[in-house]
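This report concerns only the one structure given below.
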Amino acid sequence: MDGLEQFRKIMSETENVVFFGGAGVSTESGIPDFRSVDGLYNQKYEYPPETILSHTFYRSHTEEFYRFYRDKMLCLTAKPNAAHSKLAQWEREGRLKAVITQNIDGLHQAAGSKKVLELHGSVHRNYCERCHKFYDATYILHSEGIPRCECGGGIKPDVVLYEEGLNQLTITEAVAFISNADVLIVGGTSLAVYPAAGLIDYYKGNKLVLINKTATPRDSMADLIIQGSIGEIFSATE
């Protein structure tokens with residue numbers, strides 16, 4: 001039985017699946033990945049992206065942060081792909097209990113997923129640091145310089161920058177879903193970003209499925225490894 005057949009069998013026999021995903025889920029929608037060959041880390045900027053997307057840089061070079069952020073992080077024309085659509089379908093069918101994502105693009109919700117835990121926040125939520133008024137991503141995209149609230153305060157995206165901690169309520173909920181899952185599918189992630197990648201250590205079952213285009217540091221833990229396009233693999237399950 002090949003990997004795809006095994007995956008089909010696993011998915012046909014369970015009603016308690018949790019999905020943990022990373023940047024590779026969104027690259028098929030045209031959103032660049034930091035670490036891939038064509039990713040943001042390999043493009044030329046005055047500062048490395050990981051520096052620009054840090055809390056320190058946001059505070060000290062806010063306007064420069066926003067120039068990069070508008071240019072490279074706000075991919076508002078991107079549409080959900082086959083992987084997003086299949087996950088939403090599995091949720092509607094009652095098989096998938098939650099999507100836990102490292103992505104900040106909101107494409108899971110756009111595809112129809114309801115239970116989405118966003119470990120690193122979302123570009124679609126932005127708040128004034130003075131009065132906490134909400135602003136959407138379109139407002140940020142079309143602003144100039146440092147986006148300002150009508151009260152005059154600066155607006156900050158609700159995304160987790162380097163040097164910032166993850167939301168503890170989100171982490172706790174993600175741990176609960178992973179701990180109770182019969183099947184854990186990990187897809188489109190290099191499992192290199194911590195603490196998010198460490199969440200899979202809470203999985204207690206024997207159906208850990210890793211789907212990625214390249215090997216990961218956790219391959220030895222997996223019960224099934226499938227390398228390839230996650231959208232194509234998901235589409236072939238039925």
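The values are calculated or read from the model by the stated rules, or taken from the named source; none is laboratory data. Being a predicted model, the structure only gives us computed values, none of them experimental. As a convention, Cβ positions derive from the backbone with ideal geometry for all residues, glycine included, and neighbour counts pool all protein chains shown. Areas reflect the complete protein model, heavy atoms only, side chains present, ligands, DNA and RNA absent. Shrake-Rupley method; radii C 1.70, N 1.55, O 1.52, S 1.80 Å.
Overview of values
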| quantity | calculated |
| --- | --- |
| Karplus-derived HN-Hα couplings along the stretch 100-111 (A = 6.51, B = -1.76, C = 1.60, θ = phi - 60°), whole Hz, x at Gly and Pro | 10, 10, 8, 7, 10, 8, x, 6, 4, 5, 4, 7 |
| The chain - Rg (one decimal) and Dmax (whole number), Cα, Å | 18.3, 62 |
| Protection proxy ranking, peptides 70-83, 183-196, 137-150, average beta carbon neighbours within 10 Å, highest first | 183-196, 70-83, 137-150 |
| Reachable lysines, given that their alpha-carbon falls under 27 Å from the alpha-carbon of LYS9 and they are not under 8 places away in the same chain | LYS86, LYS97, LYS114, LYS115, LYS204, LYS207, LYS213 |
| Estimated FRET transfer efficiency (TYR127, GLU64; beta-carbon r; R0 22 Å; 0.05) | 0.60 |
| Spin-label pair LEU76/LEU4, simplified geometry with 7 Å Cα→Cβ offset, distance in nm | 3.8 |
| Highest average packing first - 164-175, 20-31, 117-128, Cβ atoms within 10 Å | 20-31, 117-128, 164-175 |
| For the stretch 129-178: Kirkwood Rh in Å [reciprocal of mean 1/r, alpha carbons] | 13.1 |
| At R0 = 35 Å, FRET efficiency that the Cβ-Cβ distance of GLU144 and LEU166 yields, to 0.05 | 0.70 |
| FRET efficiency, 1/(1 + (r/R0)^6) with R0 25 Å, evaluated for TYR194 and SER235 via beta carbons | 0.20 |
| Under-5 Å amide H pairs with LEU117, H placed in peptide plane, nonlocal only | VAL99, ILE100, THR101 |
| Length-normalised contact order for the stretch 94-178 - Cα pairs under 8 Å, 6+ apart - percent | 28 |
| All Cα pairs of the stretch 88-174, percent lying beyond 21 Å | 40 |
| Counting DSSP beta bridges with both ends in the stretch 44-193, the antiparallel % (nearest 5) | 65 |
| Calculated P(r) of the stretch 17-156 - Cα pairs past 24 Å, % | 37 |
| Sum of -39500 (n - 2.57) over DSSP H runs of 4+, divided by residues of the chain (222 nm, nearest 500) | -8000 deg cm²/dmol |
| Accessible area per residue in Å² at 1.4 Å probe, computed on the stretch 93-238 | 47 |
